[in-house]
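Colleague: Let me give you the structure first, and then I'll get to my questions.
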Amino acid sequence: MSEDILINVTPQETRVAVMVQGVAQELHVERTASLGLVGNIYLGKVVRVLPGMQSAFIDAGLDRAAFLHVADIWRHEPRRDASVSGYEAEDEPADQSADLSAHDRSPSSSLQRHSGNGNHEPIEKLLHEGQSLLVQVVKEPLGTKGARLSTQMSIAGRMLVYLPQDPHSGHIGVSQRIGGELEREQLRNKVLQLLGPDTRGGFIVRTMAEDASEEDLAADIAYLRKLWDDILRASRTLPATSLLYQDLGLAQRVLRDFAGEETASIQIDSRESYDKLLEFAHAYTPKIAARMQHYVGERPLFERYNIDAEIEKALARRVDLKSGGYLIIDQTEAMTTIDVNTGGFVGGRSFDDTIFKTNLEAAHAIARQLRLRNLGGIIVLDFIDMENGEHRDAVFAEVKRALSGDHVKMTINGFTQLGLIEMTRKRTRESLAHVLCEQCPTCSGKGEIKTARTVCYEILRELLRESRQFNPREFRVLASQSVIDLFLEEESQNLAMLGDFIGKPISLQVESIYTQEQYDVILM
């Protein structure tokens, strides 16, 4: 099924929508202010060597000097962890897609660092002040600490990770999350056949490559080799402290990771970004270049295709179905739960038929919402209870069918004894809600607040406690408009009775900046 990709670019953020038959199926947002440094490659300069810490400070042109430990210095030494057939790579990170985490970029995750037994050659014999060297950021700066660096390069592609300095050229690691040993060996052999005799460096096969064609793998190999050649060329011409390679932004990752044979068009609404992306496409993904268009319509791109409204819906807790049923989606730290309800749907010949049809429709809506919101981790689906076993089997099959088009790795189990479907979906990046929203300061994430009457009764109890400890001339209550209104109306008798009981006048004052749960009792 063909798809169209819309790219909206502003100085503040880049937004991408993947459309299928005119309906948004995926949403991606990347903000300029939150771009990280992990994966960036610099031509650094050693500014200080610390023998006592077996570390060095490197000027990479960042705000603060970066940190390089002796264990992160790569050297040409025989591998100790490679088997005859290759080596197994660690699992890929759970929270990024095209970008690898610091763990996966670190040589310790798949290759030996400069020594595998912990007896490192002293750093003062490896580095000296003023020396230039290629470094890659493996950990973001934190607080007063600078970024952590490695001299072992790793460059992520769509399906492969390239390790250009691997002394054993042609070594292929395969993610342990891919099938069994037989499937991993088949993938390893497929990549080996594509590398050819002049192979330089090693590769790690990512989970994205599990069902990849030879053409896709070959394109990724060519892309990564060209990228490394460009980095080396820049390192020979640019001065120290220069940025040589920056992890791709969202727009470039779209061309590398999302666009494929099924992509009919890619529309970009910024002329400057279009020119840069077209140049990138000609260099790295030439087949995509002909499908790229600069959008020049009068209406904003996302408005024309109703994407802004889709984003609002993707942030809502309730998702309405065409039949009249609806989903309730709750995202927590541990898991996401999706509850299916019939709502106003009363169609069908019987109540069982109504439930069955609602669940079938919900299966496709759930699959779309998982992609739109980029929900990951443990996900529990609570369909409407079905007594008919054939209906349950049909709904489960429909769920699997609807999820089959998702490019993110997942596992799904059948109905449990409690009538739930449990599944996991790999976390590739922050969910849409985590990118665009923050915790409500009023309810602190509870999703509900105390009623005005509950707050009134709390204030009455507080007044009684204060009267037993202090002897002011008057008590003044500061609270929100809704709480004060309730005291002046339905709760006025209770307030008057308490004033008589404690023998002190009680005055009320509205504080417009207070939330409904906030109040203060002032001793006058």
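Colleague: Need the list of lysines near Lys145 for cross-linking: C-alpha distance under 28 angstrom, and skip anything on the same chain fewer than eight residues off.
Modeller: Counting by Cα, and skipping residues close in sequence, Lys145 has these lysines nearby: Lys45, Lys125.
Colleague: What's the longest uninterrupted piece of the chain once you rule out the GluC sites (Glu not before Pro) that are loop residues per DSSP with at most 15 other Cβ within 10 Å?
Modeller: 130-260
Colleague: Show that you can apply the helix-only estimate: for the chain, add -39,500 (n - 2.57) for every DSSP H stretch of four or more residues, divide by all residues, and state [θ] at 222 nm to the nearest 500.
Modeller: Theoretical 222 nm ellipticity from helices: -9000 deg cm²/dmol.
Colleague: Give me the angle, in degrees from 0 to 90, between the Cα long axis of helix 181-195 and the longest principal axis of the Cα atoms of the chain, rounded to the nearest 10.
Modeller: It works out to around 50 degrees.
Colleague: I'd like the distance separating the alpha-carbon centroids of the range 353-384 and the range 138-204, in whole Å.
Modeller: Cα centres, the range 353-384 to the range 138-204: 36 Å.
Colleague: Counting other Cβ atoms within 10 Å, keep those with at most 16, restrict to DSSP loop, and tell me which trypsin sites (Lys or Arg not before Pro) in the range 311-420 are left.
Modeller: Filter output for the range 311-420: Arg317, Lys322, Arg349.
Colleague: With no solvent and one point per C-alpha, what does the Debye sum give as log10 I(q)/I(0) for the range 314-387 at q = 0.11, 0.19, 0.22 Å⁻¹?
Modeller: So the normalised log intensities are -0.26, -0.73, -0.93.
Colleague: I would also like to ask the following. Express the C-alpha Rg of the range 387-478 as a ratio against the empirical globular expectation 2.2 N^0.38 Å, rounded to two decimals.
Modeller: This ratio for the range 387-478 stands at 2.10.
Colleague: For the chain, what ratio Rg/Rh do Cα atoms give with a Kirkwood hydrodynamic radius?
Modeller: So for the chain, dividing Rg by the Kirkwood Rh gives 1.08.
Colleague: What percentage of the solvent-accessible surface of the range 365-524, computed with a 1.4 Å probe over protein heavy atoms, is contributed by carbon and sulfur atoms?
Modeller: Carbon-and-sulfur percentage of accessible area, whole number: 49.
Colleague: Distance check, please: which entries in Lys409/Lys446; Lys313/Lys446; Lys357/Lys400 exceed 22 angstrom between their Cα atoms?
Modeller: Lys409/Lys446
Colleague: I've got another one for you. Within a Cβ distance under 12 Å of Glu215, other residues only, what is the Lys/Arg minus Asp/Glu net charge?
Modeller: Residues close to Glu215 contribute a combined charge of -2.
Colleague: Any idea how far apart His294 and Arg31 come out in nm if each label point goes 7 Å out from Cα toward Cβ?
Modeller: 3.0 nm
Colleague: What Rg and what Dmax come out for the range 181-234 when only alpha-carbon atoms are used, in angstroms?
Modeller: Considering the range 181-234 through its Cα atoms, Rg and Dmax are 12.0, 41 Å.
Colleague: Sticking with this one: Where in the range 176-193 is the amide nitrogen less than 15 Å from a point lying 7 Å along the Cα-to-Cβ axis of Ala218?
Modeller: Taking a point 7 Å out along Cα→Cβ of Ala218, the residues of the range 176-193 whose backbone N falls under 15 Å are 190-193.
Colleague: Using the Cα atoms of the range 166-317, I'd like the radius of gyration and the largest Cα-Cα distance, Dmax, both in angstrom.
Modeller: Computed over the Cα atoms of the range 166-317, radius of gyration and Dmax are 19.2, 56 Å.
Colleague: Let me ask you something else. What's the center-to-center distance, using Cα atoms, between the range 13-63 and the range 269-296 in Å?
Modeller: 22 Å
Colleague: If you roll a 1.4 Å probe over the heavy atoms of the protein chains, what accessible area per residue do you get for the chain, in Å²?
Modeller: 50 Å²
Colleague: With a 1.4 Å probe and every protein chain kept in, tell me what percent of the accessible surface of the range 201-291 is carbon plus sulfur.
Modeller: Carbon and sulfur together cover 50 percent of it.
Colleague: Then there is this: Using only Cα atoms, find the angle between the long axis of helix 452-469 and the longest principal axis of the chain, and express it within 0 to 90 degrees, rounded to the nearest 10.
Modeller: Around 70 degrees separate the two axes.
Colleague: Given a Förster radius of 60 Å and the C-beta distance between Asp393 and Met497 as r, what FRET efficiency does 1/(1 + (r/R0)^6) yield to the nearest 0.05?
Modeller: Taking R0 as 60 Å, the efficiency between Asp393 and Met497 is 0.40.
Colleague: Moving on to the next point. For the range 26-68, place one equal point scatterer on every Cα, skip the solvent, and apply the Debye formula. What is log10 of I(q)/I(0) at q = 0.14, 0.18, 0.20 Å⁻¹?
Modeller: -0.47, -0.63, -0.72
The values are calculated or read from the model by the stated rules, or taken from the named source; none is laboratory data. If you're wondering where the values come from, they're calculated on a predicted model, not measured in any experiment. Don't worry about glycine lacking a Cβ; one is built from the backbone with ideal geometry, like all the others, and counts go over all protein chains shown. Only protein heavy atoms, including side chains, enter the accessible area calculation; ligands, DNA and RNA are left aside. Shrake-Rupley method; radii C 1.70, N 1.55, O 1.52, S 1.80 Å.
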